[in-house]
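In what follows, a structure is listed as structure tokens, so that the remarks can point back to it.
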Amino acid sequence: MMNPETIEPIDLPEVLEAEWGNDQLMQLFADLQEGTDITHVQLRTGREDTSTDLKTARDAFLNGQAQAIQVRYRYEGQHWGDTILPGDPTTKIIRTLLPV
């Protein structure tokens, strides 16, 4: 049996959550495109789960095809991941500061 005094604490990543309307989400897509270094975009639709670019993911969101979008990017020297979960009337965004 493990001794609780010898267990090292785990540093969990910072996680932020929000629910936004479509106007705010379109601004998020613009901000990500213009102000970050995007390293990966993953799009899940009813038919597939695939790597893509931000424009294609945004278009799938606008067309109601996206079930989830994950965007990984660098901003001001830190690595972040945004998970976008479309809903009605708001969309949930989960932002995580990723370990390097």
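The values are calculated or read from the model by the stated rules, or taken from the named source; none is laboratory data. What you see is a predicted model, and the numbers here were worked out from it, not measured in a lab. In this analysis, Cβ positions are derived from the backbone assuming ideal geometry, glycine residues included, and neighbour counts consider all displayed protein chains. For accessibility, only protein heavy atoms count, side chains too; no ligands or nucleic acids. Shrake-Rupley method; radii C 1.70, N 1.55, O 1.52, S 1.80 Å.
So for the stretch 15-31 (the condition being touching a Phe, Trp or Tyr at 6+ places or on another chain (Cβ under 9 Å) and over 20 Å from PRO89 (Cα atoms)), does at least one residue qualify?
No.
Take ILE7 and decide whether it is modelled with pLDDT under 95 and of a type in the set (A, V, I, L, M, F, W, C).
Working: modelled with pLDDT under 95: yes; of a type in the set (A, V, I, L, M, F, W, C): yes.
Answer is yes for this residue.
Of everything in the stretch 40-89 that's among the hydroxyl-bearing types (Ser, Thr, Tyr) and open to solvent by 50 Å² or more (accessible area, probe 1.4 Å), which residue is farthest from the chain's Cα centre (by Cα)?
Looking only at the stretch 40-89, we keep the residues that are among the hydroxyl-bearing types (Ser, Thr, Tyr), and these are 45, 50-52, 56, 73, 75, 83.
Filter once more, so that each one left must be open to solvent by 50 Å² or more (accessible area, probe 1.4 Å): 51, 56, 75.
Numbers: SER51: 13, THR56: 15, TYR75: 13 Å.
Filtering the stretch 40-89 for residues that are among the hydroxyl-bearing types (Ser, Thr, Tyr) and open to solvent by 50 Å² or more (accessible area, probe 1.4 Å), the one farthest from the chain's Cα centre (by Cα) comes out as THR56.
Name the single residue that is modelled with the lowest pLDDT among those in the stretch 10-29 being open to solvent by 80 Å² or more (accessible area, probe 1.4 Å) and over 14 Å from ASP82 (Cβ atoms).
Among those that are open to solvent by 80 Å² or more (accessible area, probe 1.4 Å) and over 14 Å from ASP82 (Cβ atoms), it is ILE10.
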